[in-house]
There are 2 protein chains.
Amino acid sequence: MHSVNIVLMGFGNVGKAFVRLVSDKQRLCRDRYGLELRLKAVFTSKSALYAGLRSDLKDVAELEKSEGSAHPAWKTGLKLEEVLTGGQDRGVLVECTPTDMRTGEPGLSHIRRALAKKWHVAAASKGALVLKFKELMKSAQKGGVRLKFSGATAAALPTVDVGVLSLAGAEILGIEGILTGVTNLILTRMEEGISFADALKEAQARGIAEPDPSLDVDGWDTAGKILLISNAVAGTDFSLSDVVREGIQGVTIDDIRTAKKEGKVLKLLGRLIREGGKDKADVKLIAIGKDHPLYHVAGTNKAITYFTDTMGAITVSGGKSDPRGTAAALLKDIINIYRG
Amino acid sequence: MHSVNIVLMGFGNVGKAFVRLVSDKQRLCRDRYGLELRLKAVFTSKSALYAGLRSDLKDVAELEKSEGSAHPAWKTGLKLEEVLTGGQDRGVLVECTPTDMRTGEPGLSHIRRALAKKWHVAAASKGALVLKFKELMKSAQKGGVRLKFSGATAAALPTVDVGVLSLAGAEILGIEGILTGVTNLILTRMEEGISFADALKEAQARGIAEPDPSLDVDGWDTAGKILLISNAVAGTDFSLSDVVREGIQGVTIDDIRTAKKEGKVLKLLGRLIREGGKDKADVKLIAIGKDHPLYHVAGTNKAITYFTDTMGAITVSGGKSDPRGTAAALLKDIINIYRG
């Protein structure tokens, strides 16, 4: 049995779902993978819960409502450095703070500190990786630890895993993905005759789109994901400014109808295009036909297609996009880190 | 740089494609993975090519036509034991002999001998694994080596990888796969109004179906694959006789039309069904509707859907089915064995 110390940064929807999932899956992790998961600390934006080495994660889940209260488990002033212990006690930092693709913070500082202390990292937030991919990957390599980010690259839909492991030995000739559920849902509703504004309102009412939907609707979310996937799988070195980006704000029902007349659907694709020895990444509205592997990916569904030299085109689709799906991606990364 | 000794068993279409692929990918394996692939020996049904530790695989590919001739590289009487050397010289046995699901031979003897000598194994032939899955996996575990079989479980379509690695930590609630290209092609052609007999003839003329198509058409191929995938991913312990099996011989165009009237298509699915704590595997013709993730998988395409508790339904589709695709799956397994 291998003990895995976990320090969780961020206690929003994903952080809370992660704590619950770890509690639910503790026995399975023991029995199937020989891993004893121990939640050492949870840092929220205001305070920190120091769980010590107790494995009573149920308590932690119950503490959700008590955050910031006078409950003795919640401490203010606890520093990350105090729990990033060395030696045999090292473990995984799980990064779940909100994504900020301009500064990368606060995730960037967390990940840098964890890697410096030779802790593994599993990240659900994209910002730090999008901005400092190369630096952080090098730092992990130098420290002999792993930096994984399945939760930041389309939640439970496996994208990076499949590209790195299942396509090992193949050349990636191109990548195309429907990587943001909200934009795909809006486009699907528009195919049904609903205007962009109404489809967006509907998605917001259902809690799928954020009150400020620009991260999704303007293509930033897709841009961040295709950047991370391409850099990890195809060895590119894209910065966010390299990704030529368009959103779906300007799409009209007429555009959708024009595509339909040609037997096509409009999709917001994140793409890696490799032509003539040059790599290009973009987020672009493309009308695709029935022969395209992403043609049937509708609603909040996501999918990615890898075009390869020796294996043909391989598409992965589906996967939960809710906080529990993202938490499951984080847990997967932790298991695979320790499986070696 | 890590030297990887390879002993190849079988020099049919897949074996030859593998030798060519290793030759084509030698540089990539060096640069990207730090692996120096060395083809040590090739065993055909009649003789063996002993390549020593030379890395001039181009020569080996050119030798294809000289097999069994007086060319000095081809030896008769060379024994497998002579090349399965110990210590640092151990490597991977690549098993590409024809699949025999009644006896498992000759693959079974090859794999047993390799594992006993603590060689890793990458298998494209199914027979031995289908018959002796548990024994062989235990033997690999005991020897501290890996037994991989991506090439035996739908060629370049990643099935076992995704289930084991990308779904780590999730419970598999069920599996459904379109795992045999030939049967799916025949059913697709029948949707277009062509009779079973004509569709089969066409597939044979195109070299997709075997002269004796019963392995595919009677569902044996799908049965072997779902058995291996389920045992590897879901921890079941199925024998071939546990897999309730039907083929597509009896399907009529009327059956297809009846399904179509209900908005459905007939598909030959390999399934793991988990209900009430019981596991059941079958190969069954099922009429599936538009909401099913395998509805749009047509022609020679293959796909698999994993239904999980925390990640939702995840589908992988596509992937080349030709000998080069299978060879690519073997190479992937070798890379992942040594990547650790």
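The values are calculated or read from the model by the stated rules, or taken from the named source; none is laboratory data. Small disclaimer: the values here were computed from a predicted structure and weren't measured. Neighbour counts are summed over all protein chains in view; Cβ atoms, including those assigned to glycine, are modelled from backbone coordinates with ideal geometry.
Laid out as a table, the results:
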{"item": "Lone unmet requirement of (1) touching a Ser or Thr at 6+ places or on another chain (Cβ under 7 Å); (2) part of a loop (DSSP other than H, G, I, E, B) for B:ASP291", "result": "(1)"}
{"item": "Helices (runs of 4 or more DSSP H) (entirely within the range B:1-118) containing at least 2 residues that are more than 27 Å from B:ASP322 (Cβ to Cβ) and modelled with pLDDT of 80 or more", "result": "B:80-83, B:107-116"}
{"item": "Set B:ALA155, B:ALA168: member being facing chain A (nearest Cβ under 10 Å) and closer than 15 Å to B:MET311 by Cβ", "result": "B:ALA168"}
{"item": "Every pair of residues 6+ apart whose Cβ atoms lie under 9 Å, when the first sits in the range A:169-190 and is at positive phi while the second is buried (at least 24 other Cβ atoms within 10 Å of the Cβ) and assigned to a loop (DSSP other than H, G, I, E, B)", "result": "A:GLY169/A:MET311"}
{"item": "Any chance B:ALA281 is away from chain A (no Cβ under 11 Å) and out of contact with any Pro (no Cβ under 6 Å at 6 or more places or on another chain)", "result": "yes"}
{"item": "Every pair of residues 6+ apart whose Cβ atoms lie under 7 Å, when the first sits in the range B:99-112 and is assigned by TED's automatic domain parsing to the domain that holds B:ILE6 while the second is of a type in the set (D, E, K, R)", "result": "B:THR99/B:LYS126; B:MET101/B:LYS126; B:GLY104/B:LYS132; B:GLY107/B:GLU95; B:LEU108/B:LYS132; B:HIS110/B:GLU95; B:ILE111/B:GLU95"}
{"item": "Flag for B:ILE248 being more than 14 Å from chain A (Cβ to nearest Cβ), farther than 30 Å from B:HIS2 by Cα and in contact with a Ser or Thr (Cβ under 7 Å, 6 or more places away or on another chain)", "result": "yes"}
{"item": "Residues within the range A:307-322 that are under 19 Å from A:ALA152 (Cβ atoms), touching a helix residue (DSSP H, G or I) at 6+ places or on another chain (Cβ under 6 Å) and at pLDDT 95 or above, tallied", "result": "1"}
{"item": "Where A:ILE304 falls short, out of the listed (1) buried (at least 19 other Cβ atoms within 10 Å of the Cβ); (2) part of a helix (DSSP H, G or I); (3) in contact with a helix residue (DSSP H, G or I) (Cβ under 8 Å, 6 or more places away or on another chain); (4) not assigned by TED's automatic domain parsing to the domain that holds A:GLU36", "result": "(2)"}
{"item": "Any hit, the range B:286-301, residues being crowded, with 24+ Cβ neighbours inside 10 Å and either closer than 12 Å to B:ILE175 by Cβ or within 8 Å of another protein chain (Cβ to nearest Cβ) (or both)", "result": "no"}
{"item": "Test: residue in the range A:292-305 that is aliphatic (A, V, I, L, M) and more than 25 Å from B:PRO158 (Cα to Cα)", "result": "no"}
{"item": "The range A:136-152, residues that are more than 10 Å from chain B (Cβ to nearest Cβ) and touching a Lys or Arg at 6+ places or on another chain (Cβ under 8 Å)", "result": "A:LEU136, A:SER139, A:ALA140, A:GLY143, A:GLY144, A:VAL145, A:PHE149, A:ALA152"}
{"item": "Complete set of residues in the range A:246-288 that are charged (D, E, K, R) and within 26 Å of the chain's Cα centre (by Cα)", "result": "A:GLU246, A:LYS267, A:ARG271, A:ARG274, A:ASP279, A:LYS280, A:ASP282, A:LYS284"}
{"item": "Selection from the range B:204-227 of residues that are without any contact (Cβ under 8 Å) to a residue 40 or more places away in the chain and under 18 Å from B:ALA154 (Cα atoms)", "result": "B:GLY207, B:ALA209, B:GLU210, B:PRO213, B:SER214, B:ASP216, B:VAL217, B:ASP218"}
{"item": "Cross-chain or 6+ apart pairs with Cβ under 7 Å, the range B:312-340 first and more than 7 Å from chain A (Cβ to nearest Cβ) and assigned to a loop (DSSP other than H, G, I, E, B), then aromatic (Phe, Trp, Tyr) and surrounded by fewer than 24 Cβ atoms within 10 Å (Cβ to Cβ)", "result": "none"}
